[in-house]
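Coordinate-derived values only; no laboratory data. Everything numeric here is computed off the predicted structure, so don't read it as measured data. Cβ sites come from the backbone with ideal geometry, for glycine too, and all protein chains shown count toward neighbours.
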Amino acid sequence: MAVNEKLAKIRKIHHLTQKEVASRLNITDSALSNYECGKRIPSHDFLLNFAKALNLNNEETNDLLFDRDVKDSNEYYITKPFDRQSFIILEPEKLKQLPPSELAKIKDYAEMVYDHYQLRKRRRSKST
């Protein structure tokens, strides 16, 4: 299920309107509608704020943040990108079919994400 569908589903489970949730998030109801329709991609921080605003437990929050594909309980979960035109879910078989130039782009992007994560991790450890 795409993240935009998850946002709408969770809101409806909690019997809240878009206006009520938007008010809790200090955004407009049309902005929330854009997230739920998939017109905007929510940031990680937005998803955490959404989870906090609706008092989601850890499991519900993780389900919102990640798509899990766990075949073995000893395997790590696999995160999948948001279901949008500009993102694709890469499977090992599909990766082998990509030209080296595309693989290099994916590697560069992964390194950028990893560097960003490490920077945020260092900032958090300094602030505590």
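What the table shows:
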item: Segments 107-116, 2-11, 36-45 sorted - mean Cβ within 10 Å per residue, highest first; result: 2-11, 36-45, 107-116
item: In Å, descending, principal axis extents of the Cα set of the stretch 8-57; result: 25, 21, 19
item: Subset of 6/126; 19/107; 39/107; 19/105; 52/96; 12/105 violating a 30 Å alpha-carbon distance limit; result: 6/126; 19/107; 19/105; 52/96; 12/105
